[in-house]
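Where a number appears in this text, it was derived from the coordinates with a stated rule and is not lab data. Quick caveat: nothing in here was measured; it's all calculated off a predicted structure. With ideal geometry, Cβ positions are generated from the backbone for all residues, glycine too; neighbour counts draw on all protein chains shown.
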Amino acid sequence: MKAVGSLTVAGLLAGCSGGSGDDDDDEPTETTGGSQLVGLRVANNDDEAHRLALQVERNDEVVSWTTHDLESRSAGEESVVTVSPDWAEEPASFVIEAQVDGDRHRQFAIEDGGCRSVFIEIDGEGTLRKYANDGSCEDGQTPSPPTNGSA
């Protein structure tokens, strides 16, 4: 696995609050307040390897831009990347943009409120999906993928 950019994470994803990868709408959901993005993890649950470009915007400013070569799901941990927040800890409005193999593009707005942990997956059909929950700002754990049998 090759990662361009440096990132490591704190946060916990237990009990997903939503998967928003079911539609093809590239417009992010509007946020009204803010949250603290404490964890970000991406995984490839597809049988094919993919290149993922990942951009994090905080209050409309790009604060992180990385590219990751993710092996197929059969490669285990080589198909998962944990991204560390290197942005300010204060609550803000966050949007994550992800692009797979240079052509499939999605934007995910992070829901308002508290500390948020996000898990983005490339599913078995190559579709981008987002899962988020209230994470812990103090536990030092990384977000985990939802249990759906494909990981």
Label Glu61 and Glu125 with points 7 Å out from Cα along Cα→Cβ: what is the distance between them in nm?
-> 3.9 nm
Could you put Trp87, Trp65 in order, starting from the residue whose Cβ has the fewest other Cβ atoms within 10 Å?
-> Trp65, Trp87
Per-residue HN-Hα couplings for region 85-95 [Karplus 6.51, -1.76, 1.60; θ = phi - 60°; Hz; x = Gly/Pro] | x, 10, 10, 4, 7, 5, x, 7, 8, 10, 10
Given a cut-off of under 8 Å on Cα pairs at least six residues apart, what relative contact order in percent is computed for region 58-113?
-> 31 percent
Ranking Gly126, Leu52, Ile96 by how far each Cα lies towards the positive end of the charge dipole of region 30-130 (+1 on Lys and Arg Cβ, -1 on Asp and Glu Cβ), the top one is Ile96
